[in-house]
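Single-structure report; data block below.
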Amino acid sequence: MTAPEKAIESRDVRLTPDEIAKLKGICARTLSAQPQLAHWLKNIEVAPGVELPFLPIRCFRLLNVSRFLEPEENSKPEWIAEFLSSGSTQAQRARHRMSNEGLESYRQSALQGWQNACKRLGIPPQTPVLSLVPPGESIPDSSLSMMLSFWRDAGVPVHFVDLTSSPQMLESCFKQLQQRTGRLPEFILFGTSLHHLQVLQWQQNVRPGQPFLDAVRVWCFDTGGTKGRTQSTHQAELHSGLRSWFPRHTQVGFLSEYGMCELASQAYSLQSPHSDSFACSPQLRAVAVAPKMNCILAHEHNGFLGFIDFANTDSWPCLISEDLGMTLSQPEFSFRLSGRAPDATLKGCSLNVRDTYRFDLESPPSASIGEYTEVLLQGSHAQPQARAMLSAEKLLQSLPAGHWPAPALNDLRASLSGWDTDQAAIASSPKKLTDEHIAIVTSANIPITWLFPAVHAWLMNARDVTLYLPSLRPDDPLTALVRKQIVDLAEAFNQQTAIDFIQVRNHRLFQENSNKNNSTQRILVFGSDETIRTLSSACARLARPPHFIPLGHFQNALKLTETSHPGECAELCSLWLGRGCLTPLQLEAPRAWTSNFSRTFAAELFSRLIETRKKRIEAAESCGVDAMQAFSHQHNLAELYALVASHSLDLDVKHCSLTGTVVVNATQCATLPPTVVSKLTDFSGCGWINLVNDGQLTPLPEHNPCPGLCEPHQGMSWYNWFFRTMPSGA
């Protein structure tokens with residue numbers, strides 16, 4: 001037992017015997033209806049000699065976590081409400097089903113929690129609420145919308161603002177409120193980060209810098225956010241934007257609500273302004289669960305946030321979330337949120353981001369965000385007479401050491417090796433990109449992928465290349481370092497070209513009307529399937545759509561032979577910390593390997609991976625990056641272990657929490673269920689390596705992890721990618 005885990009000896013959740021009996025009764029009732037949940041349960045001690053069964057929250061996306069069986073054909077379900085998690089990030093949405101009993105419990109908890117928070121935060125009773133979140137009648141599967149409707153039905157003066165018509169409706173609704181009161185009112189503004197960004201974009205476009213809500217005092221509640229989709233906004237930036245809506249004399253308080261469709265209770269800011277700390281509603285208890293999900297941690301120890309929700313009467317009241325944080329000793333049942341687990345399922349807000357976000361291909365580069373992102377559009381667009389190949393060595397020498405620890409610099413050097421000799425092949429291409437504007441959506445995993453097509457664009461006489469930086473994701477601390485490295489490379493690129501050929505933008509959000517004069521001819525997109533769908537749809541709506549080139553997220557494998565060495569494989573699998581499209585995620589062994597040989601190879605590979613990853617993690621941490629390795633892969637492992645148990649598989653799984661290293665040896669299994677095959681493929685990367693028999697998992701292509709400029713990417717040269725004709729309907 002590690003030192004933090006020993007803290008359980010002094011940690012008591014302080015549950016009464018009646019409360020424990022109630023929680024166990026709810027769990028027993030649900031487990032009786034859904035016995036498959038037993039494979040997932042984590043029995044955790046909450047007081048000396050008292051255990052409760054906790055369930056990883058991911059189950060709500062994968063299984064029926066309710067006491068209700070699926071209805072027979074042509075019969076009505078036993079539940080009357082089903083709340084879904086956001087559909088903005090993936091098709092697999094969490095489902096929370098409630099009966100009349102459960103819905104009434106949710107209603108009481110939501111109302112009691114809101115009243116308790118207002119009293120604690122000094123918000124007068126009957127303060128009007130302007131809700132940017134639509135009412136429950138509009139989005140019946142949104143638990144957040146239902147919560148606001150519960151308040152309204154209980155007499156809280158909630159006024160719903162129809163942002164779907166126009167963000168200006170917030171101003172209209174405010175003026176109506178002002179007319180009714182006959183004075184400058186006090187009010188509450190309640191919305192998701194996405195809603196606030198919608199209004200902020202409208203203000204910046206129509207009334208830049210001008211206040212439009214003149215009130216005595218306002219409390220701005222923010223809940224949720226875009227969390228890794230097309231834009232992620234720092235809290236300070238969002239608060240600064242919200243503050244600009246009001247004149248100087250207005251007292252503005254910034255607060256937050258914490259909730260999710262899997263819970264029936266919420267938490268609200270511990271204080272104003274919001275400091276990432278929350279106080280639970282009366283029906284909710286927060287705990288911090290150790291990374292291995294085997295015990296509760298003492299206060300001030302970082303873990304997975306777990307919740308005991310007495311209002312969750314129809315599903316499971318004891319949950320382990322994919323959020324990271326710690327409990328606080330004072331006040332009771334308060335906690336501090338610190339981020340998301342590295343392998344957390346992506347979350348969005350309650351609205352579909354694809355309906356709201358567009359891609360900016362016309363507006364000027366944005367202002368800087370943070371100390372490192374700079375607008376690189378400086379100086380003239382005058383084109384030189386001849387295009388010279390960039391020097392790889394000069395690029396390397398131009399990079400600041402602070403953002404490029406030795407392992408990252410070595411990875412970059414390996415990728416640039418020999419590229420100076422490829423100039424003639426690119427420059428002699430029969431087709432050119434003369435005077436074209438090229439856009440590239442960069443990868444969030446590694447800083448280099450955009451560089452290859454950008455060099456081609458330079459030598460093929462493009463006018464310029466605009467890079468769109470990846471979103472900052474709290475669940476992936478390395479994205480901040482990747483953004484810094486991308487900017488470093490762009491600056492080094494421009495130093496050699498002596499013009500502002502590479503331009504950097506920090507965001508992907510734009511106005512509805514900002515694309516009318518779009519001049520971008522081609523856009524290359526690295527990213528997830530969701531990113532591809534989002535931006536493809538956005539580009540299709542432009543008056544002059546650019547040539548859309550979906551590069552997506554590329555997965556790579558190593559084909560092993562009898563002479564393959566585990567140490568060499570470990571080095572290749574650790575490139576860029578095992579992230580991105582250049583790093584192998586899967587090792588495919590020949591069928592001729594014996595079981596003993598495979599086991600020996602897997603054990604040596606695991607040992608070597610730990611060594612190589614430890615050095616790289618330490619190097620990243622020297623740049624101020626907290627890699628959160630103890631929390632890496634833990635929820636994915638919990639899901640895999642549940643699948644292994646349910647299918648009685650002989651799957652050898654090795655895990656080192658110190659370095660976030662996972663090696664799964666599946667070579668002993670004659671066959672694997674399709675669900676296990678898909679999960680192993682999805683989970684691999686960032687230190688998770690699958691050792692499989694050739695053809696056992698979905699085959700992945702084998703490419704050089706350190707390709708040259710003219711080597712293929714996903715089977716095609718960069719030249720062919722630029723001029724690829726997309727199939728109809730793609």
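Return the Rg/Rh value of the range 133-212, two decimal places, where both radii are evaluated on C-alpha atoms and Rh is the Kirkwood radius. Computed over Cα atoms, the ratio is 0.98. Compared with the rule-of-thumb size 2.2 N^0.38 Å for a compact globular protein, the chain has a Cα radius of gyration ratio of 1.00.
Which value in nm describes the separation of the simple spin-label points at Gln126 and Val206, placed 7 Å from the Cα toward the beta carbon? For Gln126 paired with Val206, the spin-label model returns 3.2 nm. Across q = 0.09, 0.13 Å⁻¹, the range 556-693 modelled as identical point scatterers on its alpha-carbon atoms has Debye log10 I(q)/I(0) values of -0.25, -0.52, in the order of the q list. Please name whichever of Ala543, Leu577, Asn693 sits farthest to the positive end of the charge dipole of the chain, dipole taken about the Cα centre and charges placed at Cβ: Lys and Arg +1, Asp and Glu -1. Ranked along the dipole, the leading option is Ala543. Using a cut-off of 14 Å between beta-carbons, work out the net charge of the residues near Asp314 (Lys and Arg +1, Asp and Glu -1, Asp314 not included). Local charge sum for Asp314: 0. Each Lys or Arg adds one and each Asp or Glu subtracts one; over the other residues with Cβ under 11 Å from the Cβ of Pro77, this totals -2.
Between Ala28 and Gln397, the FRET efficiency from the beta-carbon distance, with R0 = 56 Å, is close to 0.25.
Working from Cα pairs under 8 Å separated by at least six residues, relative contact order for the chain is 12 percent.
Annotation: Cα Rg of the range 597-674 relative to the compact-globule expectation 2.2 N^0.38 Å equals 1.27.
Binning the alpha carbon pair distances of the range 81-340 at 10 angstrom intervals from zero yields the distribution 7, 30, 37, 21, 5, 0, expressed in whole percent. Along the chain, the longest continuous region that contains none of the GluC sites (Glu not before Pro) in a DSSP loop with at most 10 other C-beta atoms within 10 Å is 138-370. When DSSP beta bridges are restricted to pairs lying wholly in the range 556-693, around 35% turn out antiparallel.
Of the trypsin sites (Lys or Arg not before Pro) in the range 546-609, the ones in a loop by DSSP (not H, G, I, E or B) with at most 12 other beta carbons within 10 Å are Arg591. Among beta bridges identified by DSSP and lying wholly in the chain, the antiparallel ones come to about 45 percent.
Would you give the gap between the C-alpha center of the range 135-209 and the C-alpha center of the range 627-691, rounded to a whole Å? When both Cα centres are located, 45 Å separates them. Remark: relative contact order (the range 556-693) = 31 percent; criterion is Cα-Cα distance under 8 angstrom and separation of 6 or more residues.
Counted by Cβ distance under 14 Å from Cys27, the other residues give a net charge of +1, where Lys and Arg count +1 and Asp and Glu count -1.
Rule-based calculations on the coordinates, nothing more; no lab input. Note that the structure is predicted; figures quoted are calculated from it, not measured. Cβ sites come from the backbone with ideal geometry, for glycine too, and all protein chains shown count toward neighbours.
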